[in-house]
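**Q** Before we start, here is the structure in question, set down as structure tokens.
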Amino acid sequence: MFGKDFQRKYALTDRGVKNAKKGTLWTVIVNLVVMAGMGILYFMMEGFMGTLTEGDPLPNALTFILLAIAFVILSLITHLQQYRTTYGLVYKEVKDVRISIAERLRKLPLGYFGKRDLADLTETVMGDVNRLEHVWSHCLGYLYGSYISTAIVAVGLICFNWKLAAACLWGVPVAFALLFGSRKLAKNNSEITKEAAVGVSDGIQETLENIREIRAVNREELFLESLNDKIDCHEKSMIKGELSTGVFVNAASVIMRLGVATTILTGTGMILSGQIDFMMLFLFLLVITRVYAPFDQALALIAEMFMSQISAARLMEIYDTKPAEGADRFNPDGYDIVFENVGFAYDDEQVLRGVSFTAKEGEVTALVGPSGSGKSTCARLAAGLWNINEGTIRVGGVDISSVDPEVLLTDYSMVFQDVMLFDDTVMENIRLGRHGASDEEVLAAAEAANCDEFVRKLPGGYRTPIGENGAKLSGGERQRISIARALLKNAPIVLLDEATASLDVENETKVQGALSRLLSGKTVLVIAHRMRTVEAADKIVVLSDGRVAEEGSPAELLNNKDSIFRRMTKLQNAGAEWSI
């Protein structure tokens, strides 16, 4: 019952399976204790009936009072244990699951996040876990415990009288057969509802992220209408799903309750024929009130369990994705970066084909080429952010695929065109470069990156919060904070991806000055569209259609009449003169 299939079906950890077993056990005990209470009531009524019909002495009241007190105490203890195992332990499980998901996501290759929509992933981490939390705490132990306790009671009833037992219990398997027959419909509705929910999250996120652009082109009404359509679609899918599920749940409940009528009819006929007495029918009527009770809530929750399996499958997809793993030590012989026949594809789109070049330690190697030629991809592959499909990338003779990415990245500093800052102070954003760095070290890195000039003008200086992704700063200021972060890290390998592409001339000059201090003596890989940015590079690698088209020093390539780099330089110079 609680094997590997069960564990995957509901995305349970090993401890979660143990908790489900404990919840089931205590639910069985609670149901049997409650049924025992019905037994006490039956024997009490039997005693009174004996007095009324046979003239027997009245039953000892003290005996029943003591039994009632024992029943209340036992019921209280078992219910508390049931609550602890079905709720208290599960809430601890949810905390562990959220932490384990975060740990798992931290270890996944970045290529995974490129394939998953951000809103979809957020819905999985937040919405799906919340949905499974309710199933773990309210459904699993309660439902499976009801199965077992009802089976035990059914055996006892059959021993008393199989005809009345059949009349009493026939509706339970029929009701659940009806619900399980509707499982496919429930799952289909759940998938549609989930897609609609992701669409709403995606629409809200897209609108908020692009609000300035939307207002700039005066398209607020169009985007709001689109968002309203997505919300309406989600609402309709939820109504349709709940309505179809509700029909089957209510039908199952009605069928199960028909057991009361069949028990009365069968029992009345058996009394008239002399097969049983009234007390036997009374016993079965008492049992019916408790046999059906555990399933009242279970019938409603079983539909939720069907739908939760979609959430569990989405969660297990994260766990099933192979993490980026490797050795926990990285001891290269120098820091030359060597690409050997590297091939890489995004899904089915081949981006790099047989790329080979060397970026030497202490030199600046520039990657240039038309848009889409694979420059940024090379930079990310060099840092092990994605896994290559073919070939080898070595740093100091060590295959980077054999090293744990977190260990590997301790020797890398990266400055990208799209700077990512956090809603924190300037000081803490720079300190991200090296955990535990002192304030003095942070300030020294900031000064080297020419940050002092603008930070001193902020209301709180380096203690000033800069807003989400540095919203309170200009592009050049954000870029300089990114460089200060890299300076603080002081890694032997530096990757620059279009670090100055979006800056004006004044800011570019300041950023270039900061970069010169960052790059001194390092292995540097630069990606740039502006040819003037790479004129001082030691080596240029020109990529075209995912291949190395040519490589050499800037002077060598400029002197080659057939050089792609020479042609690109002329085109940019001509464009600059035309714009002037």
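Here, each number is a calculation from the coordinates, and none is a lab measurement. The structure presented is a predicted model; accordingly, all values stated were derived computationally and were not measured. Note that each Cβ is placed from the backbone with ideal geometry, even for glycine, and that neighbours are counted across all protein chains shown.
**Q** Please give, to one decimal in nm, the separation of the simple spin-label points placed at Arg456 and Val72, each 7 Å out from Cα toward the Cβ.
**A** 7.9
**Q** Which angle from 0 to 90°, rounded to the nearest 10, does the C-alpha axis of helix 89-107 make with the longest principal axis of the chain?
**A** Helix 89-107 and the main axis of the chain meet at about 20 degrees.
**Q** Okay, moving on. With runs of 4+ DSSP H residues as the only contributors, calculate the mean residue ellipticity of the chain at 222 nm using -39,500 (n - 2.57) per run, divided by the residue total and rounded to the nearest 500.
**A** -20000 deg cm²/dmol
**Q** Could you work out the relative contact order of the chain, using alpha carbon pairs under 8 angstrom and six or more residues apart, expressed as a whole percent?
**A** 14 percent.
**Q** Related question: Helix 293-320: angle to the longest alpha-carbon principal axis of the chain, degrees 0 to 90, nearest 10?
**A** That works out to roughly 20 degrees.
**Q** Return the tail of the calculated pair distribution for the range 4-320, meaning the percent of Cα-Cα pairs more than 25 Å apart.
**A** Numbers: 31462 of 50086 pairs.
Everything past 25 Å amounts to 63 percent.
**Q** Students often check this: by mean Cβ neighbours within 10 Å, which of 310-320, 378-388, 63-73 ranks highest, and how do the rest follow?
**A** On the way: 310-320: 17.2, 378-388: 21.4, 63-73: 12.7.
With the highest mean Cβ count within 10 Å placed first, the list reads 378-388, 310-320, 63-73.
**Q** Here is a further query. Going highest first, how would you order 354-360, 35-41, 204-210 by mean Cβ packing within 10 Å? Each step should come with its number before you reach the end.
**A** Values: 354-360: 18.7, 35-41: 16.4, 204-210: 13.3.
Per-residue Cβ counts within 10 Å, averaged per peptide and sorted highest first, yield 354-360, 35-41, 204-210.
**Q** In which sequence would Trp162, Trp26 go, from the one with the fewest C-beta neighbours within 10 Å to the one with the most?
**A** The fewest-first ordering by Cβ neighbours comes to Trp162, Trp26.
**Q** Okay, moving on. Highest mean first, how do 441-450, 399-408 rank when packing is the count of other Cβ atoms within 10 Å averaged over residues?
**A** Most protected by this proxy first, the peptides run 441-450, 399-408.
**Q** Follow-up. Of Lys18/Lys95; Lys194/Lys230; Lys107/Lys187; Lys184/Lys236, which pairs sit farther than 21 Å apart, going by alpha carbon to alpha carbon?
**A** Working: Lys18/Lys95 16 Å; Lys194/Lys230 12 Å; Lys107/Lys187 31 Å; Lys184/Lys236 19 Å.
Violating the 21 Å Cα-Cα cut-off are Lys107/Lys187.
**Q** Using the Karplus curve 6.51 cos²θ - 1.76 cosθ + 1.60 with θ = phi - 60°, work out ³J(HN,Hα) for each residue of the range 65-75 in order, rounded to whole Hz, and write x for Gly and Pro.
**A** For the range 65-75, the Karplus curve yields 5, 5, 5, 5, 5, 4, 5, 4, 5, 5, 5 Hz.
**Q** Using 0.36 nm times the number of residues separating Asn250 and Arg15, minus their current alpha carbon distance, what extension gain do you get? Before the final figure, lay out each step's value.
**A** Values: separation 235, 0.36 × 235 = 84.60 nm, distance 3.44 nm.
Full extension from Asn250 to Arg15 adds 81.2 nm.
**Q** Which of the lysines could a cross-linker span from Lys472 if the Cα-Cα distance has to be under 29 Å and same-chain partners fewer than 8 positions apart are dropped?
**A** Lys457, Lys489, Lys510
**Q** Let me ask something else. For Thr122 and Asp424 in the same chain, what is the full-extension length gain: residue separation times 0.36 nm, less their Cα-Cα distance, in nm? Walk me through the numbers before you get to the answer.
**A** Working: separation 302, 0.36 × 302 = 108.72 nm, distance 2.22 nm.
Taking 0.36 nm per residue and subtracting the Cα distance, the gain is 106.5 nm.
**Q** Given H placed 1.01 Å from N in the peptide plane, which residues other than close sequence neighbours of Ser544 have an amide H under 5 Å from its amide H?
**A** Answer set, sorted by chain and number: Ala549.
**Q** Sticking with this one: How many times 2.2 N^0.38 Å is the alpha carbon radius of gyration of the chain?
**A** Taking N as the residue count of the chain, the ratio is 1.43.
**Q** Which far-off residues, 5 or more places away or on another chain, put their amide H under 5 Å from the one on Val403, with H placed in the peptide plane?
**A** Under 5 Å from the amide H of Val403: Ala327.
**Q** Here's something else I'd like to know. Which ordering of His79, His138, His435 is given by a fewest-first count of other beta-carbon atoms within 10 Å? Present the calculation step by step, with values, prior to reporting the outcome.
**A** Numbers: His79 15, His138 20, His435 7.
Going from sparsest to densest Cβ surroundings: His435, His79, His138.
**Q** I would also like to ask the following. To the nearest 0.05, how large is the calculated FRET efficiency for Glu235 and Glu468 if R₀ is 45 Å and r is the Cβ-Cβ distance? Working shown, then result.
**A** Numbers: r = 30 Å, r/R0 = 0.66.
Efficiency, from the Cβ-Cβ distance: 0.90.
**Q** Which of the lysines could a cross-linker bridge to Lys539, judged by Cα under 20 Å and excluding same-chain residues fewer than eight apart?
**A** Cα-Cα hits under 20 Å: Lys360, Lys375, Lys522, Lys561, Lys570.
**Q** Taking Lys163 as the anchor, which aspartates and glutamates have their alpha carbon closer than 15 Å to its alpha carbon, excluding any fewer than eight residues away along the same chain?
**A** Asp277
**Q** In addition: Evaluate the charge dipole of the chain about its Cα centre and quote only its size in Debye, nearest 20, assuming +1 on the Cβ of each Lys and Arg and -1 on the Cβ of each Asp and Glu.
**A** Details: 59 positive and 71 negative charges, 245 e Å.
The dipole magnitude comes to about 1180 debye.
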